Amino acid sequence: MSPWLRKTEWHAVASWTWDAQDETCGICRMPFDGCCPDCKLPGDDCPLIWGACNHSFHLHCILKWVNSQTSQAHCPMCRREWQFKE
Amino acid sequence: MEFLGASECNLGILETLSDDTIQEITESYDGFFTTVESIVAGTGDSSVEKEFASHVYSLCKHGLDSLVRDHFLRSLEQAFEKRGASSFWHHFDAYSDKNHPSYGEEIKEVLCKALEEISIEKQYHEKCLSVVVHALQSFKDQSPEARLNSDVERVQLFSRFRSMLSSTLMTTLPQHFPEILHWYFKEKLEELSAIMDEDDTQERESDCMDLDEKLRSKNGEMDVDEGFSRHDDLVKNIGKVVRDLRSIGFTSMAENAYASAIFLLLKAKVHELAGDDYRTSVLGSIKEWIQTVPLQFLNALLSYLGDSVSYGTTSSGLTSPLACCPTPSFSKVVTPSEGIVRWKLRLEYFAYETLQDLRIAKLFEIIVDYPESSSAIEDLKQCLEYTGQHSKLVESFISSLKYRLLTAGASTNDILHQYVSTIKALRAIDPAGVFLEAVGEPIRDYLRGRKDTIKCIVTMLTDGSGGNANGSGNPGDSLLEELMRDDESQENVGFDDDFHTDDKQAWINASRWEPDPVEADPLKGSLSQRKVDILGMLVDIIGSKEQLVNEYRVMLAEKLLNKIDYDIDTEIRTVELLKIHFGEASMQRCEIMLNDLIDSKRVNTNIKKASSQTGAELGENELSVDNLTSTILSTNFWPPIQDEPLELPGPIDKLLSDYANRYHEIKTPRKLLWKKNLGTVKLELQFEDRAMQFTVSPTHAAIIMQFQEKKSWTSIDLAAAIGIPIEALNRRVNFWISKGVLRESTGTVSNANVYTLVESITDSGKNESEELLAGDEESERSIASVEDQLRKEMTIYEKFIMGMLTNFGNMALERIHNTLKMFCVADPSYDKSLQQLQSFLSGLVSEEKLEFREGMYLLKK
Ligand SMILES: [Zn+2]
Ligand SMILES: [Zn+2]
Ligand SMILES: [Zn+2]
């Protein structure tokens with residue numbers, strides 16, 4: 001910085017994103033950057049989770065889905081056996 | 001012969017009479033005439049009266065008693081006309097062409113003297129009349145069958161005499177006499193009022209004295225007695241005039257005169273007490289004045305005249321009527337007579353109506369001063385409860401609103417503030433809001449036609465700084481805060497009421513229940529349930545709470561984006577208040593926005609911590625992470641944000657990407673996307689002779705930072721370097737030129753502008769280290785306004801609306817709305833509210849595409 005510009009205080013604005021392949025959750029159809037129908041606050045409170053198949057969902061949505069299945073759960077998108085990504 | 005004409009009914013008798021009899025009658029007749037003349041003229045002595053009596057006797061004997069009466073009365077009448085009436089009126093000749101202000105003091109004496117004279121004259125005539133009564137009586141006394149009627153004779157004759165007397169006076173009444181009477185009473189009452197005022201002041205002064213002095217003055221008791229006896233004398237004086245007027249048959253004229261004088265005085269008193277000060281209640285003093293001046297006067301007058309003497313202890317009749325006169329202190333228990341009660345009601349009604357009219361005429365000003373003017377409002381409320389003339393208020397106030405407030409010159413803010421004050425003030429008068437409904441309607445209609453109404457309402461509700469200029473709350477309070485406090489205090493009052501309620505009170509409340517007045521809209525709930533709800537009435541203007549919340553969200557977004565210190569206490573409080581009124585669900589998005597700020601602060605701290613641990617050395621031209629803070633948005637919940645590309649200077653860009661990387665480390669797999677044109681930059685520039693501080697937008701900062709490398713830029717190169725259109729650059733560069741930091745010159749290459757850094761700005765005359773904010777023009781707003789959003793959404797309907805108007809000529813708002821609903825059912829279907837359509841149409845009107853005339857929209861030709 002040249003001595004001519006003596007001080008800079010920058011307050012910037014950004015938005016956050018989950019960086020998922022899709023825009024919306026395949027279960028609840030809500031945007032990933034929003035939150036699932038059961039949550040009020042997006043972000044940390046309503047995280048995303050990836051499956052081994054690389055499909056992502058709201059954590060709360062896929063948990064509900066997995067619990068609702070009587071036998072082994074499958075990915076709602078690709079029908080492969082559901083495994084949480086390591 | 002005169003008597004033939006006078007009593008034709010006796011003609012039949014004449015034929016049966018003997019000559020002797022006729023002779024006797026003729027003689028008595030002549031003698032009667034002569035004696036009457038001297039009796040009336042007052043020249044006769046007792047022998048004449050005796051002779052007169054014998055003639056009367058003789059005439060009566062022949063059945064000519066009616067002739068005796070008629071002739072005697074006519075003689076009296078002639079004499080009265082000549083001596084009594086004409087000389088009575090003669091007293092007032094000098095005042096016939098004067099106006100009452102120039103009557104002068106002496107006319108009071110003239111009136112008294114004239115009345116005294118005519119009373120003496122009347123007494124004299126009555127004495128004469130007694131002579132004839134006596135004569136007729138002595139004839140009747142000898143005929144036994146007429147004996148019982150003896151008193152009837154006297155009563156009848158005297159009543160004929162009195163009506164003769166007053167009709168004589170009435171037919172010769174000069175036009176200006178009632179005026180003189182009126183003036184007399186007015187003057188006397190004013191005198192009386194002045195005496196009472198003096199007493200009042202003395203009383204108040206004596207209240208201020210210490211006990212010793214009070215005792216001393218009690219021993220003397222001079223002052224009070226003096227005032228009191230002056231009062232008595234005055235009443236006696238007036239009473240005598242009234243009595244004399246009554247005795248000459250002017251009873252109702254006298255009554256009218258003093259009544260109109262009392263009302264005039266009362267009116268003047270009300271005007272004097274009311275004045276233009278609305279901060280004090282005057283109704284109490286008016287009532288007190290009625291009690292101490294006119295009523296006390298009337299009481300004294302009526303008892304002097306013997307019309308009404310009925311006090312707690314029945315008057316024995318031994319004391320003089322004046323002794324019953326109530327003292328100014330009203331310590332005695334007095335049962336007022338029916339006449340006085342009626343007077344009291346008349347006077348109070350008149351006073352209430354007068355004060356009410358005065359206050360209604362000034363209601364606009366009173367409401368501007370509200371709540372300082374709440375005393376005047378309370379007075380008006382009581383007046384209206386008494387007179388029931390609420391409709392007068394509604395009419396008058398609406399017309400003053402239309403004339404003074406609902407005009408192009410008044411700002412929307414002023415109108416809204418007056419609207420809120422009106423609600424508050426009228427709520428005090430009319431808790432059910434029945435008349436408020438009627439008064440508020442034109443204001444609401446007018447406001448709905450203004451484009452900035454929603455914005456102003458939301459600002460007024462949520463912003464403490466610009467908000468209530470005349471509110472009762474603490475300065476800096478928003479209207480919402482104030483409403484909240486009102487609600488709380490009202491609830492407390494309700495609790496207290498319940499606490500003290502007993503069965504008796506419950507019964508009183510129940511018996512006071514009244515059905516809703518007809519003015520009330522039956523759809524709006526019953527009187528007992530309905531409570532005037534200021535917020536509801538404001539929402540009613542906007543159309544729906546959703547629109548209000550939407551507008552607030554945009555304002556909140558704008559505010560939050562300009563925060564650099566994460567201090568959002570005020571906003572949290574406001575959102576909490578809005579949640580109470582509009583429900584948690586409506587405020588969900590606002591809450592997420594607030595939460596973003598809270599999260600951003602936390603994340604910012606964590607990132608700083610993480611980077612200080614790594615302790616990496618800063619290279620040349622590198623900025624420390626301490627120079628950067630950020631606000632991180634959950635964009636889905638924010639209103640649309642205007643995102644424009646912007647190339648930032650290398651060191652800043654590096655700083656941002658480092659910051660983003662750290663974010664990703666902390667919040668994996670979440671990532672940051674910078675909105676580079678948004679934010680706030682504080683710069684301090686060092687010139688040869690001084691340092692200057694600026695607070696500007698990132699675009700402004702990016703521009704000026706380019707001058708670190710090169711002292712001079714053409715506009716084309718500069719625009720390319722920071723990646724914005726050249727028009728946008730030129731607009732922003734103006735800021736730096738206006739601050740004297742850059743200088744503009746025309747370059748050599750194809751008339752492109754050249755901007756050069758001014759390294760010494762001694763000549764600019766700017767203050768040192770002044771903090772300047774970049775121009776906050778409409779075009780630089782980062783959040784799309786609700787209007788803009790709506791405009792974007794509505795544009796597809798614009799063609800349709802234009803087509804409709806081309807076909808139909810002109811259409812009212814509702815018809816356009818219904819037509820759109822009917823035909824635009826798909827892709828996208830029309831889902832806007834009436835208010836949204838109205839706001840869109842008023843936009844088209846201001847763009848001069850449409851015209852709005854007499855409630856109809858039409859194409860602008
Ligand atoms: Zn989901
Ligand atoms: Zn969730
Ligand atoms: Zn899958």
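Using the eigenvalues of the Cα gyration tensor, what equivalent ellipsoid semi-axes result for region B:631-753 when each is taken as the square root of five times the eigenvalue, whole Å, largest first? Don't jump to the answer; show the numbers that get you there.
Working: eigenvalues 185, 58, 38 Å².
Each semi-axis is √(5λ); the values are 30, 17, 14 Å.
How far is it, in nm, from the label point at B:Ser119 to the one at B:Thr43 when both lie 7 Å from their Cα along the line to the Cβ?
Spacing of the two 7 Å Cα→Cβ label points: 3.1 nm.
Around B:Leu447, what is the net charge, scoring Lys/Arg as +1 and Asp/Glu as -1 over all other residues with Cβ under 15 Å from its Cβ?
Computed value for this residue: 0.
I'd like the mean, over residues of B:631-638, of how many other protein chain beta carbons sit within 10 Å of each residue's own Cβ.
Average per residue, whole number: 6.
If B:Met822, A:Met77 are ordered by their accessible area, calculated over protein heavy atoms with a 1.4 Å probe, which sequence runs from highest to lowest? Mind showing how you got there, number by number?
Working: B:Met822 125, A:Met77 90 Å².
The most accessible residue leads, giving B:Met822, A:Met77.
Hey, what number do you get for chain A at 222 nm if only DSSP H runs of n ≥ 4 count, each worth -39500 (n - 2.57), divided across all residues, to the nearest 500?
-3500 deg cm²/dmol
Between beta-carbons, use under 15 Å as the cut-off and find the net charge around B:Gln547, counting Lys and Arg +1, Asp and Glu -1. Walk me through the numbers on the way to the answer.
Values: positive: B:Arg444, B:Arg448, B:Arg450, B:Lys451, B:Lys455, B:Lys545, B:Arg553, B:Arg589, B:Arg791, B:Lys832; negative: B:Asp452, B:Asp540, B:Glu546, B:Glu551, B:Glu787, B:Asp788, B:Glu793, B:Asp831.
Neighbourhood net charge equals +2.
Spelling out what I want: for every residue of region B:259-274, take phi, set θ = phi - 60°, compute 6.51 cos²θ - 1.76 cosθ + 1.60 (Karplus), and round to whole Hz; glycine and proline get x.
5, 5, 5, 5, 5, 5, 5, 4, 4, 4, 5, 4, 4, 5, 5, 5
Taking 0.36 nm per intervening residue step and subtracting the Cα-Cα distance, what contour gain separates B:Ser163 from B:Cys112 on full extension? Walk me through the numbers on the way to the answer.
Numbers: separation 51, 0.36 × 51 = 18.36 nm, distance 2.21 nm.
Residue separation times 0.36 nm, minus the Cα-Cα distance, leaves 16.1 nm.
What is the average number of partner chain Cβ atoms found within 10 Å of a Cβ in A:28-36?
Partner Cβ neighbours, averaged per residue: 2.
Please list, in order along region A:50-56, the HN-Hα scalar couplings obtained from phi with the Karplus expression 6.51 cos²θ - 1.76 cosθ + 1.60 (θ = phi - 60°), rounded to whole Hz, x for Gly and Pro.
Per residue, the Karplus-derived 3J(HN,Hα) values read 9, x, 4, 6, 6, 7, 10 Hz.
So, taking all protein chains as they sit and a 1.4 Å probe, how much accessible area belongs to B:Thr695, in Å² rounded to tens?
Counting only protein heavy atoms, B:Thr695 exposes about 10 Å² to solvent.
Given 0.36 nm per residue, what is the gain on full extension from B:Gln789 to B:Ile22 after removing their alpha carbon distance, in nm?
263.9 nm
How many square angstrom of accessible surface are buried between A and B, both sides summed, with a 1.4 Å probe and rounding to 100?
4000 Å²
Can you give the FRET efficiency to the nearest 0.05 for A:Arg79 and B:Ile666, using r as the Cβ-Cβ distance and R₀ = 30 Å? List each step's numbers first, then the result.
Details: r = 35 Å, r/R0 = 1.17.
Plugging the Cβ-Cβ distance into 1/(1 + (r/R0)^6) gives 0.30.
So between B:Glu385 and B:Leu264, what do we pick up on full extension, going 0.36 nm a residue minus the alpha carbon distance?
The span from B:Glu385 to B:Leu264 would gain 41.2 nm if fully extended.
Over 19 Å between Cα atoms: which of B:Lys108/B:Lys186; B:Lys186/B:Lys236; B:Lys240/B:Lys344; B:Lys545/B:Lys832; B:Lys601/B:Lys671; B:Lys451/B:Lys545 fall into that group?
In this structure, B:Lys240/B:Lys344 lie more than 19 Å apart at Cα.
Once you average over the residues of B:689-699, how many Cβ atoms of partner chains fall within 10 Å of each Cβ?
The per-residue average across the peptide is 1.
Counting only the heavy atoms of the protein chains, how much of A:Thr17 is accessible to a 1.4 Å probe, in Å² to the nearest 10?
Rounded to the nearest 10, that gives 20 Å².
At 1.4 Å probe size, with no ligands or nucleic acids counted, give the accessible surface of B:Ser586 in Å², nearest ten.
Counting only protein heavy atoms, the figure is 40 Å².
Rounded, prolate or oblate: pick one for chain A, where a ≥ b ≥ c are the square roots of the eigenvalues of its C-alpha gyration tensor, a/c under 1.5 means rounded, and failing that, prolate if a/b is larger than b/c, else oblate.
Verdict is prolate for chain A.
Using a cut-off of under 18 Å, list every residue of region A:1-45 whose amide N is near the label point 7 Å from the Cα of B:Glu709 along the Cα-to-beta-carbon line.
A:1-5
Note down the net charge around B:Lys267, summing +1 for each Lys or Arg and -1 for each Asp or Glu among other residues with Cβ under 12 Å from its Cβ.
On the way: positive: B:Lys186, B:Lys269; negative: B:Glu272, B:Glu353, B:Asp357.
Neighbourhood net charge equals -1.
Between A:Leu59 and B:Asn237, what is the label-to-label distance in nm when each label sits 7 Å out along the Cα-to-Cβ direction?
10.1 nm
Measuring from label point to label point, each 7 Å out along Cα→Cβ, what is the B:Ile580 to B:Thr746 span in nm?
6.5 nm
In region A:5-86, which trypsin sites (Lys or Arg not before Pro) are in a loop and have at most 14 other Cβ atoms within 10 Å, using DSSP for the loop call?
A:Arg29, A:Lys40, A:Arg79, A:Arg80, A:Lys85
Using amide H atoms built 1.01 Å from N in the peptide plane, name the residues 5+ places from B:Leu678, or on other chains, whose amide H lies under 5 Å from its own.
Residues meeting the amide H criterion: A:Val13.
Which ³J(HN,Hα) values in Hz, rounded to whole numbers, follow from the phi angles of region B:103-120 under the Karplus curve 6.51 cos²θ - 1.76 cosθ + 1.60, where θ = phi - 60° and Gly and Pro get x?
Result, rounded to whole Hz: 5, x, 4, 5, 5, 4, 5, 4, 4, 4, 5, 4, 5, 4, 4, 5, 5, 4.
Within 10 Å, count the other beta carbons around each residue, average over each peptide in B:258-264, B:73-79, and list them highest first.
By packing density, highest mean first, the sequence is B:258-264, B:73-79.
The values are calculated or read from the model by the stated rules, or taken from the named source; none is laboratory data. Keep in mind the model is a prediction, meaning the values are calculated, not measured. Cβ: placed from backbone, ideal geometry, glycine included. Neighbour counts: every protein chain shown. Only protein heavy atoms, including side chains, enter the accessible area calculation; ligands, DNA and RNA are left aside. Shrake-Rupley method; radii C 1.70, N 1.55, O 1.52, S 1.80 Å.
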